[in-house]
Amino acid sequence: MIISSITKHSSCPSCKTILSKFFTGIANSYNNTIISRSTTFSSINRFNHQRYYSTTNVNESIQDDTKLSRGAERKARVFKKLLTLPEFKKTLKEMRDKPLEDIKLSKEQQAEKIASEYIEIDGDDLILLQDTEAIEKESTTQQHQQIQEEKEKKKIKNVYTKQMGPQESSFDGVHYINHISQLHYALHAIKQEKIIGLDCEAIEMGKNGQLSLIQISTESSARVYLFDIIALGASAFKYGLKDILESKNILKIVHDCRRDSEILFHQHQVQLGHIYDVQIAHALVQKKEQGNIPIRRYGFHELTHTYARNFSEVAVNIKFQAKELFVNENTIWGQRPLPKLMIDYASLDAAILIPIYRSIKPKLQSNFDRRFLRTHFQEQLSYFKDSIRQLYPRNLI
C-alpha cells in the first residue's frame, strides 16, 4: 500500500523504479523478520516440557539429597533394607523380641550396653550374664530329657512277654507285664492295632485313687495285656503307654470311661482320647427303639448278654465267684500276686469289649447317630472336670 501510493504521485520514471526497489527491499526484510518470529514462536510451542522437567528434577533431587539430614539418610537406608523380604522378617523379629528402648538406641549405645552385660573371668573368657541360664534351660532341657530317656531305654534289656500258664489264667493269650523290660514288645504290638479294648482296675477310683491294672485287648492277635501299674509305676506311661492312651490313631473301646479318665488324668497326667463307649452306644439304640426319653446306664453284664452271648455264661460265672473277694470293696486289687480269679476277671472285661463293639456299631451309622455319639463321648472324657460332672447325671443318658 505504501509503495503503490508513493509511485503513484511520483512523475519521474527513474525515480519510480528506484523508490519501488527501495521500498520492496524494506518490505522483504520486514516480512523475513515476521517469518522468523513466527518460526521461533512455533518452536516454543513445540518445546519438550517432559524432557526439560525431567532434567531439572534430577538436578533438584541431587541438590536435595545433599541437603538430607543424617536421620533422613538413615531412614532411607532402612527403607531400602526393608524392600527385601529377609531383612523385613529380621526387622519384624527384632521389633517383636527387643524392647522399644533397645531399638531406639544407636549402634554405639547398643555396643556399650552389650559390653556392660559381660564380665571378665580369668582375663580371657566372657560370659553373658543376662538370659544365659534361661536360654540354656529352654533349649537343652528337652534335649537332655530325650537323651536320658534313650540311654535308659538302651540300658533296659528288652524281654519278650510270656503268655500266662493255665495255673495263672484260665484264658489263652493273656500277658502280664510287671517289669520295664517287658514294656517294649508289648507296647510295640499294641501300636500295630487300630482298635483295642481298654479297661482299668483300681484300689480306689477318683482323683485321689490308686490305679492297679490297665487291661488292653487286641483284635488281630487275640491277646490281652495286663499292665501292673503298682509294679511299673510312672515308667509304664513314660515309655509308651501314655502315647497309646492319648493316640488319635488307635480307637479305644470302653465301657463307662468316666472314672477311668478321671484317675488317669489326675494321677498320671494322661488325657484319654479317641474312644468308643459301648454304654453310650447302647443307650442310643434304646432311644431309637423306645423314643427320645432318658435312658438308664446299662451295666457290663447286660451288654455282654445282649451283644456277646458267647461270653455271657463264662462272664457270669467269673463275676459271681469274684463277688466273694470284694468283701472289703476293691482292696483286692492291691494284693500281689493277684489271684487267678482276679486275673480272669480283669482279662474278660477287656476281651469282651471288641465283640460288643462289632455287634453294636452297624446299628448306628446315620449322621445323627454319629453326632450324638461324638457329643456324649466328649462328655464322658470331660467327667474329671467338676463343672461338667454336675451338669450330666450319673445314672441317665
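The values are calculated or read from the model by the stated rules, or taken from the named source; none is laboratory data. All figures in this text were calculated on a predicted structure; none of them were measured in a lab. As a convention, Cβ positions derive from the backbone with ideal geometry for all residues, glycine included, and neighbour counts pool all protein chains shown.
Specify which of the listed residues (Ile203, Ile230, Ile195, Ile263) is modelled with pLDDT of 90 or more, buried (at least 19 other Cβ atoms within 10 Å of the Cβ) and in contact with a strand residue (DSSP E or B) (Cβ under 7 Å, 6 or more places away or on another chain).
After applying the criteria, what remains is Ile263.
Would you confirm, using the coordinates I've provided, whether Gln365 is at pLDDT 90 or above, within 39 Å of the chain's Cα centre (by Cα) and exposed (fewer than 12 other Cβ atoms within 10 Å of the Cβ)?
yes
Among the residues making up region 161-219, a single one is small (Gly, Ala, Ser) and without any contact (Cβ under 8 Å) to a residue 12 or more places away in the chain: Gly165. Filtered by the rule that a residue be surrounded by fewer than 19 Cβ atoms within 10 Å (Cβ to Cβ), in contact with a strand residue (DSSP E or B) (Cβ under 7 Å, 6 or more places away or on another chain) and polar (S, T, N, Q), region 295-353 gives Asn330, Thr331. On inspection, Leu211 qualifies as of a type in the set (A, V, I, L, M) and closer than 24 Å to Tyr383 by Cα. Evaluation of Ser212 against the conditions (1) in the same structural domain as Arg336 (by TED's automatic domain parsing); (2) outside any strand (DSSP E or B) shows that the sole unmet condition is (2).
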